[in-house]
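Working notes, structure below.
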Amino acid sequence: MELLEYQAKELFRQMGIPVLPSQRICQLQDIKQLTIPYPVVLKSQVYTGGRGKAGGIRFVENTIDAIAAAQMIFHLPIMGKYPEVLLAEAKYDADREFYLAVVLDGSERRPVLLGSQQGGIEIESQFDRLHQVIVDQEFSPYYARRLAIRMGLKGDLIQAVSAIVEKMYRLFATCDLDLVEINPLAVSPSGKLMALDGKVTVNDTALGRQALLSEFTHPLLLQGKAAQSQTSPIARVDLAGNIGVLCNGAGLTMATLDLLYKAKGRPGAFVDVGGEYRQSCPTSTLESRIQQGLDLLFESHDIQVILVNLLGSRLSCAEIAALIAAQVQQRGKYRSLPPIVVRCVGEELAQAKTTLESIGILATDYLDAAITETLSLLPVKQI
Amino acid sequence: MELLEYQAKELFRQMGIPVLPSQRICQLQDIKQLTIPYPVVLKSQVYTGGRGKAGGIRFVENTIDAIAAAQMIFHLPIMGKYPEVLLAEAKYDADREFYLAVVLDGSERRPVLLGSQQGGIEIESQFDRLHQVIVDQEFSPYYARRLAIRMGLKGDLIQAVSAIVEKMYRLFATCDLDLVEINPLAVSPSGKLMALDGKVTVNDTALGRQALLSEFTHPLLLQGKAAQSQTSPIARVDLAGNIGVLCNGAGLTMATLDLLYKAKGRPGAFVDVGGEYRQSCPTSTLESRIQQGLDLLFESHDIQVILVNLLGSRLSCAEIAALIAAQVQQRGKYRSLPPIVVRCVGEELAQAKTTLESIGILATDYLDAAITETLSLLPVKQI
Amino acid sequence: MNFTAESKILIQGISEPLGAIYTPLMQAYGTQIVAGVSPGGGGKPIADIPVFDLVEQAIAKVGRIDTSVIFVPPYEVMDAALEAIAAQIRQIIIITEGVPPLDMVRVLRKAEATETLVVGSNCPGIIVPGQLLLGIHPPEFYLPGKVGLISRSGTLTYEIALELTRAGLGQSIAIGIGGDRILSSSFQQWLQILEEDDQTEAIVLVGEIGGDSEESAARYIAEVIDKPVVAFLAGYSAPQGQFQGHAGAIVASRIAGLGADIGSAQSKLEAFKRAQVPVADRPSQIPDLVKKVLEQV
Amino acid sequence: MNFTAESKILIQGISEPLGAIYTPLMQAYGTQIVAGVSPGGGGKPIADIPVFDLVEQAIAKVGRIDTSVIFVPPYEVMDAALEAIAAQIRQIIIITEGVPPLDMVRVLRKAEATETLVVGSNCPGIIVPGQLLLGIHPPEFYLPGKVGLISRSGTLTYEIALELTRAGLGQSIAIGIGGDRILSSSFQQWLQILEEDDQTEAIVLVGEIGGDSEESAARYIAEVIDKPVVAFLAGYSAPQGQFQGHAGAIVASRIAGLGADIGSAQSKLEAFKRAQVPVADRPSQIPDLVKKVLEQV
C-alpha cells in the first residue's frame, strides 16, 4: 500500500528525518489558515508520479495566488486521479539534490540501500548512476556509511547523509515497508539536508500487524485500498474482451488467459479465487469464493461466455459441478446467463459431466479442449 | 536506575501487558477523586522491597478507610524511605501467582528469562524453583514458549504466559533494561493473567539514548537518581571511620580500602575519581575531578587523614603534586585541613616530593609505604 | 537434499486449518509424519501423530527430524522457522501465504548461516512421486519418473505435472518455490540440486512474469546446467500492474545490470532464448519438448 | 591469539578524544598502527597515520589488519565492532566505557559466529611488554617476561604489574578484560589462551567482588589449567551495594547453581581455595607467591 506524500512525511517527522513545515489543504478555505510564511509550494496529493510535469505543483507568493492555484490543482487530474488533499509546504532553495531509497530487492532477497548525488525528477533516466548497498546481515549504521561513500560523499556529508539513511532503514524495518524513498533530498550550501519529497510503500502482508504502530504513529496507514482488499479478497479484473475466466491461482489464471489470447479469444474479465494455502482465506471457504467469483462474472454485461478452470488436491469435480449447477439454476431464474465451460480434473468427472450436461454446461478435464469449447460458444461474429 | 511500581506499570500498559486500573495518589485529597470502585489496594511507592511486610500495602473498602490508610502509608518509612506517591489499584482475586522476569546475566553474557509457578512474596527463598531460559541468539517467541514449558505449564496457559514473556522481552530490549520482573503474575480461575506488581530497572549506560523513547512513553525514565549521577559523576561514599581515600578506578580504590582495613585503619570516606577511559568524563578533566574529590573529602568532618593514590599512564607526579599543593594552600587559608599522603608513580617523583614536602605532605611511590604513613598520621588514640 | 520415503517429517501448525487438512493427505501418501507441533496443544495426538508444544520436545521424543513443513499463521512463520533451525532441522518448507518479507529475510539470514534449505513461503511444497508429499500438491496428478519440475506457481504446477503424467513422463520431484517476493530458495539453487540429483534426467522450469527470477535462472542454466531444461512462462497477456512485481524491485534489478525491461514476458522469453532453453507455447506442448530434449542428450 | 610486534593495528575512533590521546602513545611503544578510521575524517592523516571513512577502505589501502582498537563513543561501539567483524578483522579491543550491555550482547553473538576475539568494553586493553600496546596501559610499569596477567580492573592492573616489575618478574602479556557486566571475553577464555601460550609460565588473575567471574574461573583452573595461577581479589571491605553486582545477576547466578553467596569476597576466596589457587593478601605479596609457584613447577 502506497502512502501519500504528506503521510510519508509525517512518518519522516516521527523518525527525525528533516522535513519542511507543512500543512494539509483539504478544501480551499484551509488556505486562509496557512501559518507557513509565503512563498509556499502547493502540491497535489496523488498516488501516481509525474505530478510536477503535469502541473500538480505550484509556487505561490500570497493568499490570492494560493487560492487560485489550489483550485486549479484540485481540478487537475493526474493520470486520471483527482487529489483529495493538497500539501502546502515552505519553499526551500536547494543547492544540490540527492536521491536516497531503501527497497526490498527480491533478486538479492535482501533490503537494498540506494543513493545518488544526482537526485530530482530525472532519476528514472539515471538508474545507472544509482549506487547500491545490499544489507546482507542485520542492519548496522556502517551499511549507511558505505552507501554515502559509494555515492562519492566526503567530509561531514558522509555522517549527515548516512544518519538519514539509518533513519530511513529503521522506518523501513519497523513498519514493514517495501520502499521508502527521498527524492529529492535537498542539500543547502551549508550542507544542511531536507527531504523535499517522500514516498513510502507498506508491504500489504504486514498491514495486519502494523495496526498498533499506526495508532501510535499514523492512523492513515490502515486506510485506503489495502484495508479494502483485505476484507474482500475476491475481485474481478475487467479487460477489453467478452470471455469471462474463473480460475484458482495466479499462475494458472495467467496461463489460461494466455491460452485464450493465443487462440484469438478476447478475455473480458477474470476472477482469481485464490490459491489453496492462504491463511486469511481458508480452503473451507473455497466454495463460497467460487460462488462469489461466478456472481462477479455474471454481473459483467460484456461477458458472453465463461470458462471455469479449477485444479487442486481437494477439489472434487462432482462438488464443483453441483455448486455451479445450483448457482446457475438459482441465478438463471431471474435473468439469462452466459454459457459456461467447466474444466476440472478428478475421479468424479463422469458424475460432474452428468450433473452439468443436464443443464447444458460442458465439462472436460483437458485444458486445451476447454479453451476450444469456450471459443466455440461465442457468437460467430464476435470471434 | 530503578523505576517505581507505577512507572513500571505504565510501561507494561504501553506494551500490552495486562495491569489493573490504577491511579496515583500524590496527596490525601486525591483519594476523593478515585474513579476505581472499592475495594481498592493502596501501595507505598518506594524503591526498596519488603513493603508488604512493612505495612506499606493496605486494602480499603471506602473513602474514609482509604484516607486513613493513605495517611498512615505516607508516614511509614520503608527501609528508611518515605513514599512521595501511593498507587491506588483495583483489588484482584488471584487463583494462583506466578513469577516472571527477564534479566541480563553477566555470567551467561546473555539475557535470561526466568519463571516459576510459585510466585509471590516468598520467591526470594525459592530461587531453586526458578526456571531459566538463556536467550543465546536473537530473541524469537519460541524462547518464551520454552520458558513456559520449563515452568511446567500446559494447554492455553503456555501461549498466554509466553505472550507476556515476549512483551516483557520486547520492553527489555527496547528500553535497554537490566531487569523487568512481574511478581506476582496473578492467574484467575479462568486462566486470565494480570501483572499485580512490576519492577523495571533501566541500565544506566542507556539513559542517554532512551530520551526520545521516554518522551514518547514515560517522562519519568529520565528523572530520579540516575539523571543526577550523570551530571555529577564524582561522589563521596561515607563509611564509619576517619581515613579519607582519593583514588582512581574502582578496583584500585577497593584494594586501597582493603589494605587500610587489614592494617587496622578505618576508612571514613572514599572518592573514586574514575578510570581513564570513560567517554563521558574525558581524561582532560582528570585534574578537575581530583580537585572536586579532594574538596569532597575536605568537607567531611570525620576525616583525620587523607590518602591520595593515583596511577595511570598519563598522570605526571609533578603535575599531581602541583595540583594538590595549590589546592591545599588555597583551601588551607580559611580552615585547617587534615594531613595528606600522596602515592603516585613516575619519573618526576623527585620533583613531586620536593613540591609536596615544602608544604609538609609526604609523597611516595610505594603503596605499602603510603598505607603505613597514612596510619601513622592519625592521632594515636584513634588507631 | 534429502527427500525420500524414509525421511522423518514434522508438521509445525498441525492443528491450524491447513495443517489439519493436509496432514492426513500427506500421511495417506506414505509420508512419515513422526510428530506435530502446536503450542498449547501438546499431548493430544492428531491422526495418530503425537503433538508437542515445542519442536525440541518433539525431537526429544521421536528423534531426528529431516524436514519440517510449516502451516502456522503468517506472523508466526518466522518464529516457527527459527525454532526449527535452532532445533537443528535443516530442511524447512513454508506453505503459509502472506508472510511479511522482512520476516523471510531474517529466516534466510539464519538459514544461510546454518546451511538450512528453506522452501517458500506461499508455496505448494515438494512432492517426490511415489515416495513422499511435503505440502499440498494433488498427488493424483503425479507419476514417478525422471523429470524434475521447478515452479513459482501453485495450481499451474499441477497443470503441468498433469500434462507430463498424461504423456507418461513421470517426475523425479516437483518443487513449488513459492510466489512471494522474498523466496527462501531460488530457481538457481534448485537447478543446482537437480543437476546433481541422480533421479532427474530433464528439468521443467515454470516461470511467471514479474521479478527477475527467470532471467537469472536462464543465465545460470547457460553457465552451469548440463541437464536439458524446458521452460514455460505464464503472463504474456497479463494486464499491466496486475501481476507485475513492484516498481522498487524493478529499480533494484535495473541497477543490478539486468536491463530496463526486466520482469516482462518478453525479457524472460529472450533470456531463455539466449540460454537455448526451449519455451513451451502451452502446457500441453511441454511433454513433446521434454521428449525432444531427452532424445538429444 | 596473535599479538606481536609485527601485528598490523587499526584504530577506530582515532580522532575521538581518547583515540587522539592514546594513539601516539601506542605508536611510541612501537605498535604498528597502520590506519585509523574516523567517518567523515577520511583523507586527513593523524600522527602520520592514514585515516579512512570506512574500515573496508582502510583494508583496501593498507592490507590485512590483525587487531582493531576501538575508542568511539559508547553508542557507536556496537556498529564499529560489527563493521570491523564484517571486514574480517578477528581481534577487537573495545576501550570505551559506558557501552549499553545489550549492544555488547549483539557484538558477542556476531563474534562467536565468526570466531572473533573481542576484549572489553570498558577496559585498558592489552600490553605485550616490549612488543606492542593495544590500549592505555602505562607501558613504563611493565617489563617483558613470563607472567601472564589477566584482570577485571584498570588501574589495579597497573599496580600489580608495577609490583611484578619491581620484583624483576616480567610479563608475557597483560589483559584488562574490562569492568562491565557483559564482557566479551572472560577469565576462562584468557586462561585457556595463556595456558597454550609458550611465552607464559605463570598466570596472575586479578578479580573483584560482584558477579561470578572469579568463581567460574576458579572452577575452570581446577579442571583444565596446568600452569600455576596466583590470584588477587579487591573489595573485601567494600560497603554493601557500592561495588556489588546487580541483584538480577545474583539471582541468575544462584539459579545457575553457584550458591547463594555468589559475588562476595568470601565466596570468591573459597572458590580459589577449593581450586588450590593461592590468593595474595596485598599487591606487594604477589611477586613472592609467583616465585613460589614457579619454583614448584
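The values are calculated or read from the model by the stated rules, or taken from the named source; none is laboratory data. None of these values were measured; they are calculated from a predicted model. Here Cβ is always computed from backbone atoms with ideal geometry, including for glycine, and neighbour counts include all displayed protein chains.
Taking the stretch D:34-45 as the range and being within 14 Å of chain A (Cβ to nearest Cβ) and within 24 Å of D:Ala5 (Cα to Cα) as the test, only D:Val37 passes. Among residues of the stretch D:286-297 that are in contact (Cβ under 8 Å) with a residue 24 or more places away in the chain, those with a Cβ under 9 angstrom from a residue that is in a helix (DSSP H, G or I), sequence gap 6+ or separate chain, pair up as D:Ile286/D:Ile160; D:Ile286/D:Glu163; D:Ile286/D:Leu164; D:Pro287/D:Glu163; D:Pro287/D:Leu164; D:Pro287/D:Arg166; D:Val290/D:Leu164. Can you confirm whether the stretch B:170-189 contains a residue that is free of Cβ contacts under 8 Å to residues at least 60 places away in the same chain, of a type in the set (Gly, Ala, Ser) and under 27 Å from B:Met1 (Cα atoms)? Checking the stretch B:170-189: not a single residue is free of Cβ contacts under 8 Å to residues at least 60 places away in the same chain, of a type in the set (Gly, Ala, Ser) and under 27 Å from B:Met1 (Cα atoms). Does the stretch B:304-313 include one or more residues that are more than 30 Å from D:Glu76 (Cα to Cα), in contact with an Asp or Glu (Cβ under 9 Å, 6 or more places away or on another chain) and polar (S, T, N, Q)? Looking through the stretch B:304-313, at least one residue is more than 30 Å from D:Glu76 (Cα to Cα), in contact with an Asp or Glu (Cβ under 9 Å, 6 or more places away or on another chain) and polar (S, T, N, Q). Restricted to the stretch B:90-108, and to residues there that are more than 30 Å from D:Pro100 (Cα to Cα) and of a type outside the set (A, V, I, L, M, F, W, C), the residue that is modelled with the lowest pLDDT is B:Asp93.
Among the residues making up the stretch C:106-129, those that are touching a residue at least 40 places away in the same chain (Cβ under 8 Å), part of a helix (DSSP H, G or I) and surrounded by fewer than 23 Cβ atoms within 10 Å (Cβ to Cβ) are C:Leu108, C:Ala111. Residues of the stretch B:82-124 that are outside any loop (DSSP other than H, G, I, E, B) and more than 14 Å from chain D (Cβ to nearest Cβ): B:Leu86, B:Leu87, B:Ala88, B:Glu89, B:Ala90, B:Arg96, B:Glu97, B:Phe98, B:Ile121, B:Glu122.
Scan the stretch A:249-292 for residues that are in a helix (DSSP H, G or I), at the interface with chain C (Cβ under 10 Å from one of its Cβ atoms) and at pLDDT 75 or above and the total you get is 13. Consider the stretch D:46-70 and keep the residues that are assigned to a loop (DSSP other than H, G, I, E, B), more than 9 Å from chain A (Cβ to nearest Cβ) and at pLDDT 95 or above. The one that is surrounded by the most Cβ atoms within 10 Å (Cβ to Cβ) is D:Ile65.
For B:Val308, the conditions (1) in contact with a Phe, Trp or Tyr (Cβ under 8 Å, 6 or more places away or on another chain); (2) under 13 Å from B:Leu246 (Cα atoms) are fulfilled apart from (1). Return the total of residues in the stretch D:24-35 being outside any strand (DSSP E or B) and in contact (Cβ under 8 Å) with a residue 40 or more places away in the chain. The number of residues fulfilling the criteria is 5. Here C:Ile193 passes the criteria (1) away from chain A (no Cβ under 14 Å); (2) buried (at least 19 other Cβ atoms within 10 Å of the Cβ) except the one numbered (2).
Here B:Pro77 meets each of (1) farther than 25 Å from B:Ser190 by Cα; (2) surrounded by 15 or more Cβ atoms within 10 Å (Cβ to Cβ) with one exception, condition (2).
Filter the stretch C:8-33 down to the residues that are away from chain A (no Cβ under 14 Å) and surrounded by fewer than 20 Cβ atoms within 10 Å (Cβ to Cβ) and list them by number. Correct list: C:Lys8, C:Gly30, C:Gln32. Mind checking whether some residue in the stretch C:232-254 is more than 8 Å from chain A (Cβ to nearest Cβ), part of a helix (DSSP H, G or I) and either surrounded by fewer than 23 Cβ atoms within 10 Å (Cβ to Cβ) or modelled with pLDDT under 75 (or both)? Yes, the stretch C:232-254 contains at least one residue that is more than 8 Å from chain A (Cβ to nearest Cβ), part of a helix (DSSP H, G or I) and either surrounded by fewer than 23 Cβ atoms within 10 Å (Cβ to Cβ) or modelled with pLDDT under 75 (or both). Count of the stretch A:164-190 residues, restricted to those that are assigned to a helix (DSSP H, G or I) and polar (S, T, N, Q), is 1.
For the stretch C:54-95, filtering for residues that are without any contact (Cβ under 8 Å) to a residue 60 or more places away in the chain, closer than 14 Å to C:Leu18 by Cβ and among the β-branched types (Val, Ile, Thr) leaves 3. Annotation: C:Ile89 fulfils all but one of (1) aliphatic (A, V, I, L, M); (2) assigned to a helix (DSSP H, G or I); (3) within 14 Å of chain B (Cβ to nearest Cβ); (4) out of contact with any Pro (no Cβ under 9 Å at 6 or more places or on another chain); the unmet one is (2). Do you know which residues across the stretch C:137-184 are of a type in the set (Lys, Arg) and in contact with a Cys (Cβ under 8 Å, 6 or more places away or on another chain)? Of everything in the stretch C:137-184, nothing turns out to be of a type in the set (Lys, Arg) and in contact with a Cys (Cβ under 8 Å, 6 or more places away or on another chain).
Test D:Glu140 against the stated conditions and say whether it is facing another protein chain (nearest Cβ under 8 Å), touching a residue at least 24 places away in the same chain (Cβ under 8 Å) and at negative phi. No. Of the helices (runs of 4 or more DSSP H) that lie entirely inside the stretch A:1-76, those containing 2 or more residues that are touching a helix residue (DSSP H, G or I) at 6+ places or on another chain (Cβ under 7 Å) span A:5-15, A:63-74. Number of residues in the stretch C:149-175 that are in a helix (DSSP H, G or I), more than 7 Å from every other protein chain (Cβ to nearest Cβ) and of a type in the set (S, T, N, Q): the value is 2. For the stretch A:316-346, the set of residues classified as under 16 Å from A:Tyr366 (Cβ atoms) and part of a loop (DSSP other than H, G, I, E, B) consists of A:Val345, A:Gly346, listed by residue number.
Selection of the stretch D:11-22 for residues being in a helix (DSSP H, G or I) and either modelled with pLDDT of 95 or more or in contact with a Gly (Cβ under 6 Å, 6 or more places away or on another chain) (or both) yields only D:Gly19.
All conditions in (1) touching a residue at least 24 places away in the same chain (Cβ under 8 Å); (2) farther than 16 Å from D:Glu83 by Cβ hold for D:Ile21, with the sole exception of (1). Taken over the stretch B:361-383, residues that are modelled with pLDDT of 90 or more and loosely packed, with under 14 Cβ neighbours inside 10 Å amount to 1. Each residue in the stretch A:148-163 was checked for being in a helix (DSSP H, G or I), more than 9 Å from chain D (Cβ to nearest Cβ) and either small (Gly, Ala, Ser) or free of Cβ contacts under 8 Å to residues at least 40 places away in the same chain (or both), and 2 of them qualify. Considering every residue within the stretch B:201-208, establish whether at least one is more than 14 Å from chain C (Cβ to nearest Cβ), under 15 Å from B:Leu100 (Cα atoms) and in contact with a strand residue (DSSP E or B) (Cβ under 7 Å, 6 or more places away or on another chain). For the stretch B:201-208, residues more than 14 Å from chain C (Cβ to nearest Cβ), under 15 Å from B:Leu100 (Cα atoms) and in contact with a strand residue (DSSP E or B) (Cβ under 7 Å, 6 or more places away or on another chain): present.
Among the residues of the stretch B:74-89, is any in contact with a Phe, Trp or Tyr (Cβ under 6 Å, 6 or more places away or on another chain) and under 30 Å from D:Pro100 (Cβ atoms)? Yes, because at least one residue in the stretch B:74-89 is in contact with a Phe, Trp or Tyr (Cβ under 6 Å, 6 or more places away or on another chain) and under 30 Å from D:Pro100 (Cβ atoms).
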